[in-house]
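We did not get these values from a lab; they are worked out from the coordinates using the rules stated. Predicted model only: the values in this text are computed from it and were never measured. Here the Cβ is made from the backbone with ideal geometry for all residues, glycine too, and neighbour counts use every protein chain on show.
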Amino acid sequence: MTDQQTLSGGCNCGAVRYALAGAPLAVIACHCTSCRRQSGAAFSVNLIVRADAMSVEGELASYMDPDTESGAPIQRQFCAACGSPIRSVPTAAPKMIALKAGSLDAPEAFAPAMHIWTRSALPWVTIPEGLPRFEKGPAA
């Protein structure tokens, strides 16, 4: 993907649609308890993007998640109609967004390049050999 391409995606019911200009800065799999609960899965795959590169149409509801393993609250944003998770905005880095890869129209091109908060990974999850892994966040 080049910086000139646009990614698109949205929620399950179609009430929220978004466009993302340019390539993501990173693609990560987060195993923290908060991301697992918010995604309803064993881990959450996120594209790290600049907030100003994303435009959204439709109503996003939000929840300020105060109970994160990093200790920094994170704003969880989801479709107000169907509840599909769309993105998270960390209070520690408000100009960045963790976009939920599963909400992309074509997520298959975005395999995680690293796994974070692996100390909270479920014991049956296998992380591919050779990928960077961090017990906490990469800067923690």
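For beta carbons closer than 6 Å, sequence separation of 6+ or different chains, a first residue in the stretch 3-23 that is surrounded by 15 or more Cβ atoms within 10 Å (Cβ to Cβ) and a second that is assigned to a strand (DSSP E or B) and among the basic types (K, R), the qualifying pairs are G10/R17. Scanning the stretch 17-50 for residues that are closer than 16 Å to R119 by Cβ, in contact with a strand residue (DSSP E or B) (Cβ under 7 Å, 6 or more places away or on another chain) and among the polar types (S, T, N, Q) yields a count of 2.
Would you confirm whether or not the stretch 60-72 contains a residue that is among the hydroxyl-bearing types (S, T, Y) and assigned to a loop (DSSP other than H, G, I, E, B)? The answer is yes; a qualifying residue exists.
Let's see how each residue does on (1) out of contact with any Leu (no Cβ under 6 Å at 6 or more places or on another chain); (2) exposed (fewer than 12 other Cβ atoms within 10 Å of the Cβ); (3) touching a residue at least 60 places away in the same chain (Cβ under 8 Å); (4) under 26 Å from A21 (Cβ atoms):
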position	(1), (2), (3), (4)
P85	yes, no, no, yes
T91	yes, no, no, yes
A98	yes, no, yes, yes
I116	yes, no, yes, yes
P128	yes, yes, no, no
